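Taking it in order: structure first as structure tokens, then the write-up.
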Amino acid sequence: MRSKILKTTSTSRFAVKALPAMVGAAAVLLSLGASAETLRIGTLPAADSIVLHVAKDNGLYEKAGLEVELVPFKSALELGAAMRAGRLDGHFGDLMNVFTQNETGIPQKVVFTTTHTIPQQRAFALIAFPKSATAPKTFEELKSKKDVTTAMSSSTIIHYLLDRMTETEKLPEGALKNLEVKQIPIRMQMLLGGKVDTALLPEPLVTVVESKGGKVLWDDRNLNEALAVVSLKSEKLDPKTVDAFRKATAEAARVIEADPVRYRAVMVQKGLLPAPVAEGYKMVAFSFFGTKDGLPPLPTPEEVKRVGEWMVGQGMLKAVPAWDQVVVPAAE
């Protein structure tokens, strides 16, 4: 009996001695958990969203002290509804969504850009398909035609780019006849089926149509526009969170560019790139711009003004937002 009591006492003493270490370990774990900022980010099936997936899957956000959950949506309409319902802390999208949500009571700011126009890489293009007998074969031919049917979506980045194309290329009024088609995959199928003459599509769908015989009439490479951005709601805009989010995403961009073949396969796996055109697809790149962090540049005051004025003209906004109301400046 005595030996049993002594044994129990010895165990108890060990437990007492170990207690400070156990408490210390628990405190470390608790502090790590408490310091991790949680971000629920809505995403869309766009090529450049791969940078968010790589940062998440490779543990780069976790390493930066962030707990990031990527919430996929099929359309910007669904994503916007989730933002309004308070289900997200931020989202991948375009400036129009950011401006609209700010004006309707969901304050947020752009924290980084994932796609910006640049001569080395197209993001959107107006493309024709020969199955339509009336489809133009060149942009010059388009200028000479009337009522060329174009599958598009009004009050979106597609609509904005069509108007920018018309303005910068001096396309005659009436050359295009816009046909409202909200869903991008249906837009592409209508083009391939010869039901419309042209469509303005994003990559990689432009590459898909080209691979089937489509002819690119115009692309966005000569414009100066931030096309896809990531924003955070105002309550998540503390400097440490923004800095960590930017740096981890920038590191993911470098990882992708260091091994494009590997991450092209990841894009296929995640439904961001159709498998049949993967081999010939020019992999999305982020570092052409020479920015300090290696990501495409943030929207400038001029871009914010231009997009805002277009939206006011379309009845989408009441007033053009100030740049510092919708963009977090880059770190010095």
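Evaluation of Arg87 against the conditions (1) out of contact with any Phe, Trp or Tyr (no Cβ under 9 Å at 6 or more places or on another chain); (2) over 28 Å from Asn224 (Cα atoms); (3) surrounded by 15 or more Cβ atoms within 10 Å (Cβ to Cβ) shows that the sole unmet condition is (3).
Within region 202-213, can one find any residue that is small (Gly, Ala, Ser), closer than 26 Å to Leu142 by Cβ and surrounded by 23 or more Cβ atoms within 10 Å (Cβ to Cβ)? Let's see the steps before the verdict.
Of the residues in region 202-213, the ones small (Gly, Ala, Ser) are 211, 213.
Restricting the remaining residues to those that are closer than 26 Å to Leu142 by Cβ gives 211, 213.
Keeping just the survivors that are surrounded by 23 or more Cβ atoms within 10 Å (Cβ to Cβ) gives none.
No, that holds for no residue.
With Ala285, Ala258, Ala250, Ala265 as the choices, which residue is aliphatic (A, V, I, L, M) and buried (at least 17 other Cβ atoms within 10 Å of the Cβ)?
Details: Ala285 fails: buried (at least 17 other Cβ atoms within 10 Å of the Cβ); Ala258 fails: buried (at least 17 other Cβ atoms within 10 Å of the Cβ); Ala265 fails: buried (at least 17 other Cβ atoms within 10 Å of the Cβ).
Just a single option satisfies the conditions, and that option is Ala250.
Looking at Asn102, Asn97, just one residue is in contact with a His (Cβ under 9 Å, 6 or more places away or on another chain) and either small (Gly, Ala, Ser) or assigned by TED's automatic domain parsing to the domain that holds Arg84 (or both), and that residue is Asn97.
In region 252-298, which residues are part of a loop (DSSP other than H, G, I, E, B), under 21 Å from Val208 (Cβ atoms) and out of contact with any strand residue (DSSP E or B) (no Cβ under 8 Å at 6 or more places or on another chain)?
Within region 252-298, Lys270, Gly271, Leu272, Leu273, Pro274, Ala278, Glu279, Gly280, Tyr281, Met283 qualify.
Taking Leu295 as the residue in question, decide whether it is within 25 Å of Glu225 (Cα to Cα), modelled with pLDDT of 90 or more and in contact with a Pro (Cβ under 8 Å, 6 or more places away or on another chain). Criteria not met by Leu295. Here Phe289 fulfils each of the conditions (1) more than 17 Å from the chain's Cα centre (by Cα); (2) within 29 Å of Ala82 (Cβ to Cβ) apart from (2).
Counting only residues that are surrounded by fewer than 19 Cβ atoms within 10 Å (Cβ to Cβ) and within 23 Å of Val304 (Cβ to Cβ), region 142-155 holds 2 of them.
Being closer than 27 Å to Asn102 by Cβ, outside any helix (DSSP H, G or I) and outside the structural domain of Leu201 (by TED's automatic domain parsing) is a description that applies to Met316.
When you check Thr114 against the structure, is it polar (S, T, N, Q), touching a residue at least 24 places away in the same chain (Cβ under 8 Å) and under 30 Å from Val242 (Cα atoms), yes or no? Let's see the steps before the verdict.
Details: polar (S, T, N, Q): yes; touching a residue at least 24 places away in the same chain (Cβ under 8 Å): yes; under 30 Å from Val242 (Cα atoms): yes.
Spelling it out, Thr114 is indeed polar (S, T, N, Q), touching a residue at least 24 places away in the same chain (Cβ under 8 Å) and under 30 Å from Val242 (Cα atoms).
Could you check region 148-245 for strands (runs of 3 or more DSSP E) lying wholly inside it with 2 or more residues that are closer than 25 Å to Val326 by Cβ and touching a residue at least 60 places away in the same chain (Cβ under 8 Å)?
Values: elements: 148-152, 176-180, 198-202, 215-219, 226-233.
In region 148-245, the matching strands (runs of 3 or more DSSP E) lie at 198-202, 226-233.
Collect the residues in region 123-141 that are more than 18 Å from Glu303 (Cα to Cα) and either at pLDDT 95 or above or surrounded by 20 or more Cβ atoms within 10 Å (Cβ to Cβ) (or both), keeping them in residue-number order.
Correct list: Ala125, Leu126, Ile127, Ala128, Phe129, Ala135, Pro136, Lys137, Thr138, Phe139, Glu140, Glu141.
Restricting the search to region 266-318, which residues are touching a Lys or Arg at 6+ places or on another chain (Cβ under 8 Å) and small (Gly, Ala, Ser)? Within region 266-318, Ala278, Ser287, Gly294 meet the criteria. Would you check if Ile50 is more than 25 Å from Pro299 (Cβ to Cβ) and either among the hydroxyl-bearing types (Ser, Thr, Tyr) or modelled with pLDDT of 95 or more (or both)? Considered against the rule, which asks whether it is more than 25 Å from Pro299 (Cβ to Cβ) and either among the hydroxyl-bearing types (Ser, Thr, Tyr) or modelled with pLDDT of 95 or more (or both), Ile50 comes out as no.
The values are calculated or read from the model by the stated rules, or taken from the named source; none is laboratory data. Because the structure is a prediction, the values reported are computed rather than measured. As a convention, Cβ positions derive from the backbone with ideal geometry for all residues, glycine included, and neighbour counts pool all protein chains shown.
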